[in-house]
1. Considering only strands (runs of 3 or more DSSP E) fully contained in the stretch 54-159, which possess at least 3 residues that are under 20 Å from VAL21 (Cα atoms)?
2. Could you please tell me which pairs satisfy a Cβ distance under 7 Å, a separation of 6+ or placement on different chains, a first residue in the stretch 79-101 that is closer than 16 Å to PHE63 by Cβ, and a second residue that is part of a strand (DSSP E or B) and among the aromatic types (Phe, Trp, Tyr)?
3. Which one is surrounded by the fewest Cβ atoms within 10 Å (Cβ to Cβ) among residues in the stretch 59-85 that are within 22 Å of ALA35 (Cα to Cα) and basic (Lys, Arg)?
4. Hey, does the stretch 58-67 have a residue that's free of Cβ contacts under 8 Å to residues at least 40 places away in the same chain and farther than 16 Å from ILE142 by Cα?
5. Identify the residue in the stretch 29-49 that is surrounded by fewer than 16 Cβ atoms within 10 Å (Cβ to Cβ) and not charged (D, E, K, R) and, among all such residues, is modelled with the lowest pLDDT.
6. Kindly indicate whether any position in the stretch 47-69 is closer than 19 Å to HIS135 by Cβ, in contact with a Lys or Arg (Cβ under 7 Å, 6 or more places away or on another chain) and not hydrophobic (A, V, I, L, M, F, W, C).
Amino acid sequence: MKKVFTVVILLITLTVVKGQVKENVKYQIVNKSGAVIDVHKASKDNNANVALWDNKKAANQQFYFIKFNDFYYIKNVNSGKALDIKKGIDKKKTNIHQYQINLTDAQKFKIVDAKDGYYYLVSAKGNYLSSETVHGQRGSNIILWSKSNVAKWKFVEVK
């Protein structure tokens with residue numbers, strides 16, 4: 001009976017952890033075109049814009065995921081600031097920038113499995129982190145949008 005119980009607990013744990021990110025690990029957030037989320041010009045300032053860019057493996061393109069209940073704060077390695085919904089307006093077309101971590105809903109995102117090797121980053125009110133262009137091209141601002149192929153991301157661990 002003890003072995004069965006251990007196996008069940010292990011399976012439950014694997015189900016919860018599979019596809020999720022680990023804390024204290026650096027990740028790049030990559031869209032289907034291969035572009036990565038990038039803090040503009042490696043800024044360390046509040047309100048610095050966040051857009052897609054070519055993968056340079058730079059610190060301003062790397063993020064930590066900090067677990068908080070059912071959500072994550074996504075903290076930039078270079079600046080120490082979190083991805084943030086501009087002015088806290090959680091609706092479609094709102095721009096994403098970085099801002100000091102303040103524990104508001106504007107910085108909380110859920111990770112939802114898209115069932116194809118990609119994931120959605122969903123805001124506290126249910127909008128999806130996306131890019132402003134249909135193909136997720138370099139230079140495209142990161143915005144909130146509805147569920148779509150453009151709103152899918154992979155989390156690639158930085159070694």
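1. On the way: elements: 63-68, 71-76, 82-85, 96-99, 109-113, 119-123, 128-131, 142-145, 152-157.
Those strands (runs of 3 or more DSSP E) span 63-68, 71-76, 82-85, 109-113, 119-123, 128-131, 152-157.
2. Sorted first by the residue in the stretch 79-101, then by its partner, the pairs are LYS81/TYR99; ALA82/TYR73; ALA82/TYR99; ASP84/TYR99; ILE101/TYR73.
3. Here is the first cut: in the stretch 59-85, the ones within 22 Å of ALA35 (Cα to Cα) are 59-65, 72-85.
Those left that are additionally basic (Lys, Arg): 75, 81.
Details: LYS75: 18, LYS81: 24.
By that ranking, first place goes to LYS75.
4. Filtering the stretch 58-67 for residues free of Cβ contacts under 8 Å to residues at least 40 places away in the same chain gives 58-61, 63.
Those still in the list that are farther than 16 Å from ILE142 by Cα too: 58-59.
So far as the stretch 58-67 goes, yes, one or more of its residues are free of Cβ contacts under 8 Å to residues at least 40 places away in the same chain and farther than 16 Å from ILE142 by Cα.
5. Filtering first and then ranking leaves SER33.
6. Looking through the stretch 47-69, at least one residue is closer than 19 Å to HIS135 by Cβ, in contact with a Lys or Arg (Cβ under 7 Å, 6 or more places away or on another chain) and not hydrophobic (A, V, I, L, M, F, W, C).
The values are calculated or read from the model by the stated rules, or taken from the named source; none is laboratory data. All of these numbers come straight from a predicted model, not from anything done at the bench. Cβ sites come from the backbone with ideal geometry, for glycine too, and all protein chains shown count toward neighbours.
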